[in-house]
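Trainee: Take this structure, written in structure tokens, and hold onto it; I'll ask about it next.
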Amino acid sequence: MGKIFAVINHKGGVGKTTTTANLAAGLALNNKKILIIDFDPQSNLSQSFGISKAEITIYDAIIGKQELKAYKINDNLFLTASRGNLANAFIELIDKTDNHLLLKKIIEPHKKKIDFIFIDCPPSLGLLTLNALNCADEVLIPIQPHYLAVKGLSKILNTVRKIAKSSNKNIKINGVVFTFYNNKIILQKEVEEIVNSFFKEKVYNSKIRESISLAEAPKFGKDIFSYKKNSIGAQDYGNLALEFISKNCNS
Ligand SMILES: Nc1ncnc2c1ncn2[C@@H]1O[C@H](COP(=O)(O)OP(=O)(O)O)[C@@H](O)[C@H]1O
Ligand SMILES: [Mg+2]
């Protein structure tokens, strides 16, 4: 049975999409079957794999026009794309009483065929992210080691706690991944210590360093392993994928 992860942080530009794309690609290289869902109307995840103006999107599934479909990136990696119209989906469905559970209904039937499903969330804690949190088993939080990012964490935790008390009682925090990491910067070390003391073993040891190749890869529609397999970014996401497997796979 597969597990669903919501990749969340209400701040933009912290590496949610980059982590979804490259952790997924790293897991796929390790023979895990992965589905990634672009749940951001900005469709950066889709564009990262060279898909723009997708014809089949998560929007079609949300509004009930079509069942969930995905583009095949490789034998192990599948992507459900998004377009700008995703922003309107919930306005169109405003009168539905269960509109916070729509994504759950669509995704759950696919859990048995897939090892891990990652939902790349938009930079807000609105109805889209709420839908992701209601169908996720676990939450993965990429953060930049900046002081203000730590303050933002409490907002994320409060939201997850509220969901855990109401509509998704089993949701758990899977972990925190540091992105844009540079351990030579003292302030970052201080922030890292604060986060470590709070989240303890939930902080992934594999840190994602700042690396130009990670920023370049989406331009070519490629994940970091297909773009530059010897880059720092490929090393870091490769290590993260292995650590993820050791923490989240039973066998
Ligand atoms: N470790 C990194 N090093 C350098 N650039 C990065 C790194 N991670 C992400 N980026 C770049 O920073 C920008 C924001 O990252 P992104 O993953 O889109 O953030 P989010 O999804 O949280 O908004 C993108 O242009 C991305 O290519
Ligand atoms: Mg994004």
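The values are calculated or read from the model by the stated rules, or taken from the named source; none is laboratory data. As the structure is a prediction and not an experimental result, all values here were calculated from the model. Cβ atoms come from the backbone with ideal geometry, glycine included; neighbour counts cover every protein chain shown.
Trainee: Could you figure out which of (1) surrounded by fewer than 21 Cβ atoms within 10 Å (Cβ to Cβ); (2) closer than 23 Å to Leu125 by Cβ; (3) touching a Lys or Arg at 6+ places or on another chain (Cβ under 9 Å) isn't true of Ser46?
Mentor: Exception for Ser46: condition (1).
Trainee: Please enumerate the residues belonging to segment 112-152 that are modelled with pLDDT of 90 or more, more than 13 Å from ligand 2 (Cβ to nearest atom) and surrounded by fewer than 18 Cβ atoms within 10 Å (Cβ to Cβ).
Mentor: Lys112, Lys113, Glu138, His146
Trainee: Let me ask you something else. What tally of residues in segment 223-242 results from selecting those that are within 16 Å of ligand 1 (Cβ to nearest atom), in a helix (DSSP H, G or I) and in contact (Cβ under 8 Å) with a residue 12 or more places away in the chain?
Mentor: So the count comes out to 13.
Trainee: Of all residues being of a type in the set (A, V, I, L, M) and within 16 Å of ligand 2 (Cβ to nearest atom) in segment 177-219, which is nearest to Lys151 (Cα to Cα)? Just the residue, please.
Mentor: Let us first name the residues in segment 177-219 that are of a type in the set (A, V, I, L, M), namely 177, 185-187, 191, 194-195, 203, 208, 212, 214-215, 217.
Okay, now just the ones that are also within 16 Å of ligand 2 (Cβ to nearest atom), so 177, 208, 214-215, 217.
Details: Val177: 16, Ile208: 20, Leu214: 26, Ala215: 26, Ala217: 30 Å.
Taking the candidates together, the pick is Val177.
Trainee: Could you please let me know if Thr159 is among the polar types (S, T, N, Q), within 23 Å of Asn248 (Cβ to Cβ) and within 16 Å of ligand 2 (Cβ to nearest atom)? Steps first, answer last, please.
Mentor: Values: among the polar types (S, T, N, Q): yes; within 23 Å of Asn248 (Cβ to Cβ): yes; within 16 Å of ligand 2 (Cβ to nearest atom): no.
It is false that Thr159 is among the polar types (S, T, N, Q), within 23 Å of Asn248 (Cβ to Cβ) and within 16 Å of ligand 2 (Cβ to nearest atom).
Trainee: Please verify whether segment 45-58 includes one or more residues that are near ligand 1 (Cβ under 9 Å from one of its atoms) and out of contact with any Asp or Glu (no Cβ under 7 Å at 6 or more places or on another chain).
Mentor: Of all residues in segment 45-58, those near ligand 1 (Cβ under 9 Å from one of its atoms) come to 45, 48.
From what is left, the residues that are out of contact with any Asp or Glu (no Cβ under 7 Å at 6 or more places or on another chain) are 48.
Yes, segment 45-58 contains a residue that is near ligand 1 (Cβ under 9 Å from one of its atoms) and out of contact with any Asp or Glu (no Cβ under 7 Å at 6 or more places or on another chain).
Trainee: Please specify each residue of segment 57-111 satisfying the condition of being surrounded by fewer than 17 Cβ atoms within 10 Å (Cβ to Cβ), over 16 Å from Asp40 (Cβ atoms) and among the polar types (S, T, N, Q).
Mentor: Of everything in segment 57-111, those that are surrounded by fewer than 17 Cβ atoms within 10 Å (Cβ to Cβ), over 16 Å from Asp40 (Cβ atoms) and among the polar types (S, T, N, Q) turn out to be Gln66, Asn74, Thr97.
Trainee: Taking segment 166-179 as the search range and keeping residues that are over 14 Å from Ile141 (Cβ atoms) and surrounded by 13 or more Cβ atoms within 10 Å (Cβ to Cβ), which one is farthest from the chain's Cα centre (by Cα)? Even if it seems obvious, please write down each step before you answer.
Mentor: Kept after step one, since they are over 14 Å from Ile141 (Cβ atoms), are these residues of segment 166-179: 166-170.
The next check asks that each one be surrounded by 13 or more Cβ atoms within 10 Å (Cβ to Cβ); those that pass are 167-168.
Numbers: Ser167: 20, Asn168: 18 Å.
My answer is Ser167.
Trainee: Consider Leu187 carefully, then state whether it is touching a residue at least 40 places away in the same chain (Cβ under 8 Å) and either under 21 Å from the mean Cα position of the chain (by Cα) or under 25 Å from Glu138 (Cβ atoms) (or both).
Mentor: Working: touching a residue at least 40 places away in the same chain (Cβ under 8 Å): yes; either under 21 Å from the mean Cα position of the chain (by Cα) or under 25 Å from Glu138 (Cβ atoms) (or both): no.
In short, no.
Trainee: Next question. From the list Glu192, Glu216, Glu201, which residue is buried (at least 16 other Cβ atoms within 10 Å of the Cβ), assigned to a helix (DSSP H, G or I) and acidic (Asp, Glu)? Can you show your working first?
Mentor: Details: Glu216 fails: buried (at least 16 other Cβ atoms within 10 Å of the Cβ); Glu201 fails: buried (at least 16 other Cβ atoms within 10 Å of the Cβ).
It is Glu192.
Trainee: Show the residue pairs that are 6+ apart or on different chains and have beta-carbon atoms under 7 Å apart, the first residue being within segment 60-75 and under 24 Å from Asp115 (Cβ atoms), the second being loosely packed, with under 12 Cβ neighbours inside 10 Å.
Mentor: Hits for this filter: Ala61/Glu67.
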